[in-house]
Structures are given as C-alpha cells and as structure tokens.
Amino acid sequence: MTTKTSTETTAETTAKTTAKDSAEGHDGFTAEEREAMKERAKELKASKGRGSRAKADGEADVLAKIAEMEGTDRVLAEGVHAIVKKVAPSLAPKTWYGMPAYAKNGKVVCFFQSSGKFKSRYATLGFNDPANLDDGEMWPTAFALTDLTPAVEQRIAALVEQAAS
C-alpha cells in the first residue's frame, strides 16, 4: 500500500481543478481579465498604424474610455485626466488594457483603473516602473481613490508631477 504525500495530493487537486476549469471554459483568468487582455491586443494593433497621430488618437481613446464609465468612476477619471494634463503635459494619453493611461517615451507612467473594471471596492491610481517615485527601498505604486477632495487633488498632482520628472 502506498501513501500519498501532501505534495502529490496538492498536485492532483490542482490538476483536477485545472482540468475542470478548462472544461468549463476558464483559463485561470476572470472574464474581466480576459476582456482587458483583448483590449490590450486591440490597442497594440491600432498603435502600429497611428504614427504621428498617436497623441491625438490617444487622447480621444482615453476620453472615450472615461465616457463609458459610470458615476463616481467617471468623476474620478475626469479629475485625474485634468490633473495629469495640467501638471504633466509631456505625458501622452493612451489606453492601456482598456484603462486611461499616460505615457512617457511610449512607456506607461501612470494609469487610472475604475472600480468597475475588475469589480473592486475602489478606483486606483497606479504607477509603473518608468515613474520617478523611488523613495528608499520601498514606496507605494498604487493608491485607492474614492473621492477628489482638494487635498487628494494636490496629492495626485504632486505624485504625477514627480512621476513624470
């Protein structure tokens, strides 16, 4: 009689779950994540033919994505967009995985993720590697966003300005 180790049992359980998910049409990603990946593929395809029109088209794409948002998400996204344009006009608006984003030299510096995007409790203002926010050995790269008070607007402006520098 052979006994199974916990590693073997875990591996079997994982294999069964993966097979079940695969049979049900799941691939480990939520429907929202799969949709974001599809949007990213469309963005990459569209960007190849834009050339010098990229910034203008990017602005239109961002505004269209913001217009699709509802309620608080739209208000927050409009506010973030206005702040970014004011304090960091060198950042080019574009969509990134279907979210409003702002890039420097083609690389996304910051982005706005609505709470509706992945059905989360709050919207997020996030920053990627090109953002100049380094502060010692550890610093935040994403911020929950629930309201645009004057203090929050000032904090966003300072972060975006620093990130773009």
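Listed values, structure above:
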quantity: Coil-residue trypsin sites (Lys or Arg not before Pro) of region 61-165, DSSP, other Cβ within 10 Å capped at 16; calculated: LYS119, ARG121
quantity: Pairwise label distance in nanometres, ARG74 with ARG121, each label 7 Å out on the Cα-Cβ vector; calculated: 2.6
quantity: Cβ-derived FRET efficiency at R0 25 Å, ASP129 paired with ALA67, nearest 0.05; calculated: 0.30
quantity: Using θ = phi - 60° and Karplus 6.51 cos²θ - 1.76 cosθ + 1.60, couplings along region 148-158 (whole Hz; Gly, Pro as x); calculated: 10, 7, x, 5, 5, 4, 5, 5, 4, 4, 5
quantity: Amide H partners (placed H, <5 Å) of TRP96, local residues excluded; calculated: ALA101
quantity: Part-to-part distance (alpha-carbon centres) for region 101-165 and region 67-97, which is given in Å; calculated: 11
quantity: Cα-based equivalent ellipsoid of region 29-164: semi-axis lengths in Å, sorted from largest, via gyration tensor; calculated: 21, 18, 15
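Laboratory data are not the source of any read-out in this text; all were calculated from the coordinates shown. All values derive from a computational prediction rather than experimental measurement. Note that each Cβ is placed from the backbone with ideal geometry, even for glycine, and that neighbours are counted across all protein chains shown.
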